[in-house]
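Here's the structure we're looking at; comments come further down.
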There are 2 protein chains.
Amino acid sequence: MPQGPVTSSIHTMADVWDAYRSELDGVEDRIHQNLTSSVTLVNTVAAHILNSGGKRIRPLLLLLCARLCGYAGREHHQLGSLVEFIHTATLLHDDVVDDADIRRGRQTARKVWGNQVSILVGDYLYSKAMCQVVEFRSQKINEVLAEACKKMAEGEVLQLYYNGNPAMPEGDYIKIVEHKTAGLIAASCRMGAILAEASEEQQDCVFRFGQYLGIAFQVVDDTLDYTANGASLGKTLGQDLRQGKATLPLLHLLNHCSDRDRQMIKDRMETRTLTEGDLQRLIDLMDESGSIVYALNHAQAYITAAKRELRQFEEGTAKRALSVAADYMVTRDR
Amino acid sequence: MPQGPVTSSIHTMADVWDAYRSELDGVEDRIHQNLTSSVTLVNTVAAHILNSGGKRIRPLLLLLCARLCGYAGREHHQLGSLVEFIHTATLLHDDVVDDADIRRGRQTARKVWGNQVSILVGDYLYSKAMCQVVEFRSQKINEVLAEACKKMAEGEVLQLYYNGNPAMPEGDYIKIVEHKTAGLIAASCRMGAILAEASEEQQDCVFRFGQYLGIAFQVVDDTLDYTANGASLGKTLGQDLRQGKATLPLLHLLNHCSDRDRQMIKDRMETRTLTEGDLQRLIDLMDESGSIVYALNHAQAYITAAKRELRQFEEGTAKRALSVAADYMVTRDR
């Protein structure tokens, strides 16, 4: 489905999924075709997490950016599946790093098979993806993807460096988010444009679109950790603080609460304990201080900036879908 | 130093190191120049393990194979340093997987900074290496290295699959060793030949040379776990069994000991406990059954096969050095 006239029926994210269903099924097929290790355990563990209900945001954005730039081929099925492999590899490692037991409402791979298996299957998925990415024989794609992976790891280490420390500057929070989350999303967008042989200028536009959208996505995710309905998020609230992570709403609160409350928060971050009462108190404080609104406004500003990057592109289904996807980042409740 | 007449002064590994000292210093310089993360902790942790006395076997073999095939350039400094980055990334992850506290006589990174940092800095080193490898703009190098990394991860998962299980077929032991250790060594040799623009046939020869040498290297390593002087190995004896790993000497012993001793070994593998008395008993049993000799003979056969791959190449310093390096794999005592 190349870029065409605006499909006025695309208003919600569900419309986007519907419009690109067959394309995403193509990605899905490739994901399963690529699980071909001769070591059965590798395929089992990888399938567990790959089939756990991920929304395939990165392959979708890659596809939409390719279509936006006039791409009419089918290479995005394979490339999208490889991006999803890399994303999945980072989730396997993140769950070990975070001691996470639940992801998307299911037991994590590390909970089922242990940390060791999760680390090594993560390594496998990453290197398997790299093996297949080089088959595209595109210097640009190789560069963009390797750079994104490097930035992800740096973002994760920086996050760990600040673990348990509530005195993180807001600029470093944004740097972490940009590296660990937005990097691969932005790279996915750029790779879509590369497939379409778009101009450098267009590639830069969709890269920035992905970067801003990715930052907003993570900021909203961090906000949901204090506001979402636990069941729909598939995880317990307050997990970031329990893991010693200060995120944007908490950083805002720390600058706007009493010394006593600040001390309470520092103490909970250091001891990585948070009772239901503590959590409720935190949520109430964030409500009083407008910390959630502050973070969501930040996310909204990034979405506005993201959509501005689309201005130079022709109107059409893909552009409409990208705009809806951008709005979805701040309106989603899980 | 391109391939020239035989340097008769190369008899031992020390002679090899001496003859190629300035070349290896070039690799060393690149290793440090490549530690440029904007996240300081990444550089600190990476430097800790990169400066812990590794012998740079892979960069050396890459260099020697390049020279063997007539290469006269200096690109191997950078490429060798990147292979060492990848090797180091696997060590960081291995130490987490093995719960290792000591490597090369020093505290492991995971002991100093924790598992989380080790996992993520490993990810960083791997993706940083990939970033710089793609700068060579060589499709062949990209393919060879990504394939080696994939095989390494598969080998590690297969090893984990058999963890605690003494009934592993010897063929699967060799598969593990070939994947987890020999793959990157063989890839290093092939990349040297690729730099030299050697024929496919020559590339295949040095690849097999590296593969056989790599298998021998690991088999000897596994033997040293039961025989080496603990201090010189920089680790405690019997660690493999304590980690539930059956290696070649143990597999041989299990096929040649009494039911009672077999039961004792199974029990120790399952419970991952091994007293000094157990260890001494094991070593005595291996002595009686010729298990160490059996494993070393295996290693020797691989070295013989490796050296056979060198026959088609011109005599000279590099060939002599590769032959000495191959012999060193079975004669080294640490």
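The values are calculated or read from the model by the stated rules, or taken from the named source; none is laboratory data. Just so you know, these numbers come straight off a predicted model, no measurement behind them. With ideal geometry, Cβ positions are generated from the backbone for all residues, glycine too; neighbour counts draw on all protein chains shown.
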Of the criteria (1) under 20 Å from the mean Cα position of the chain (by Cα); (2) within 11 Å of chain A (Cβ to nearest Cβ); (3) over 22 Å from residue B:57 (Cβ atoms), which one residue B:107 fails: (2)
Positions within the range B:265-285 being without any contact (Cβ under 8 Å) to a residue 12 or more places away in the chain and part of a helix (DSSP H, G or I), in sequence order: B:267, B:271, B:276, B:277, B:280, B:284
Residue B:197 more than 8 Å from chain A (Cβ to nearest Cβ), outside any helix (DSSP H, G or I) and not hydrophobic (A, V, I, L, M, F, W, C): yes
Residue count, the range A:293-334 (criterion: polar (S, T, N, Q) and closer than 22 Å to residue A:175 by Cβ): 3
Filter result for residue A:75 (acidic (Asp, Glu) and under 15 Å from the mean Cα position of the chain (by Cα)): no
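Residues in the range A:24-31: is at least one surrounded by 15 or more Cβ atoms within 10 Å (Cβ to Cβ), closer than 30 Å to residue B:117 by Cβ and aliphatic (A, V, I, L, M)?
no
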Failed condition for residue B:91, given (1) of a type in the set (A, V, I, L, M, F, W, C); (2) surrounded by fewer than 19 Cβ atoms within 10 Å (Cβ to Cβ); (3) touching a strand residue (DSSP E or B) at 6+ places or on another chain (Cβ under 9 Å): (2)
Qualifying positions in the range B:298-329 - over 19 Å from the mean Cα position of the chain (by Cα) and free of Cβ contacts under 8 Å to residues at least 40 places away in the same chain: B:308, B:311
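Tell me the residue from B:170, B:135, B:143, B:201 that is under 27 Å from residue B:291 (Cα atoms), modelled with pLDDT of 95 or more and not β-branched (Val, Ile, Thr), please.
On the way: B:135 fails: under 27 Å from residue B:291 (Cα atoms); B:143 fails: under 27 Å from residue B:291 (Cα atoms); B:201 fails: under 27 Å from residue B:291 (Cα atoms).
The unique qualifying residue is B:170.
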Qualifying residue in the range A:241-263 (condition: touching a residue at least 40 places away in the same chain (Cβ under 8 Å), basic (Lys, Arg) and touching a Lys or Arg at 6+ places or on another chain (Cβ under 8 Å)): no
Filter result for residue A:153 (free of Cβ contacts under 8 Å to residues at least 24 places away in the same chain, closer than 29 Å to residue A:270 by Cβ and within 11 Å of chain B (Cβ to nearest Cβ)): yes
Qualifying positions in the range A:136-161 - in a loop (DSSP other than H, G, I, E, B) and not hydroxyl-bearing (Ser, Thr, Tyr): A:137
Residue that is closer than 30 Å to residue B:267 by Cα, modelled with pLDDT under 95 and within 14 Å of another protein chain (Cβ to nearest Cβ), where the choices are B:229, B:165: B:165
Which numbered condition residue A:105 misses (of (1) free of Cβ contacts under 8 Å to residues at least 60 places away in the same chain; (2) farther than 27 Å from residue B:131 by Cβ): (1)
Matching residues, the range A:136-150, being surrounded by fewer than 23 Cβ atoms within 10 Å (Cβ to Cβ) and either facing chain B (nearest Cβ under 9 Å) or aromatic (Phe, Trp, Tyr) (or both): A:136, A:137, A:139, A:143, A:147
Evaluation of residue A:198 against (1) more than 18 Å from the chain's Cα centre (by Cα); (2) under 30 Å from residue A:142 (Cβ atoms); (3) without any contact (Cβ under 8 Å) to a residue 60 or more places away in the chain (one fails), failing number: (3)
Boolean, residue B:64 is over 24 Å from residue A:147 (Cβ atoms), touching a helix residue (DSSP H, G or I) at 6+ places or on another chain (Cβ under 9 Å) and modelled with pLDDT of 95 or more: yes
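Being farther than 29 Å from residue B:113 by Cβ, away from chain A (no Cβ under 14 Å) and free of Cβ contacts under 8 Å to residues at least 40 places away in the same chain: is that true of residue B:18 here?
Yes: the conditions hold for residue B:18.
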Count of residues meeting criterion [closer than 30 Å to residue A:258 by Cα and part of a helix (DSSP H, G or I)] in the range A:286-334: 17
Test result for residue A:175, surrounded by fewer than 24 Cβ atoms within 10 Å (Cβ to Cβ), more than 10 Å from chain B (Cβ to nearest Cβ), in a helix (DSSP H, G or I) and basic (Lys, Arg): no
Among (1) at pLDDT 95 or above; (2) closer than 24 Å to residue A:156 by Cα - the single one residue A:311 does not satisfy: (2)
Residues of the range A:56-76 that turn out to be in a helix (DSSP H, G or I) and in contact with a Phe, Trp or Tyr (Cβ under 8 Å, 6 or more places away or on another chain), as a count: 7
Residue match in the range B:194-206 (condition: in contact with a Lys or Arg (Cβ under 9 Å, 6 or more places away or on another chain) and surrounded by fewer than 18 Cβ atoms within 10 Å (Cβ to Cβ)): yes
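Listed here are the residues, each with its yes/no results for (1) in a loop (DSSP other than H, G, I, E, B); (2) away from chain A (no Cβ under 14 Å); (3) of a type in the set (S, T, N, Q).
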site: B:79; (1), (2), (3): no, yes, no
site: B:82; (1), (2), (3): no, no, no
site: B:88; (1), (2), (3): no, no, yes
site: B:95; (1), (2), (3): no, no, no
site: B:116; (1), (2), (3): no, no, yes
site: B:119; (1), (2), (3): no, no, no
site: B:122; (1), (2), (3): no, no, no
site: B:128; (1), (2), (3): no, no, no
site: B:134; (1), (2), (3): no, no, no
Unmet criterion (only one of (1) touching a helix residue (DSSP H, G or I) at 6+ places or on another chain (Cβ under 7 Å); (2) within 14 Å of chain B (Cβ to nearest Cβ); (3) more than 30 Å from residue A:252 (Cα to Cα)) for residue A:192: (2)
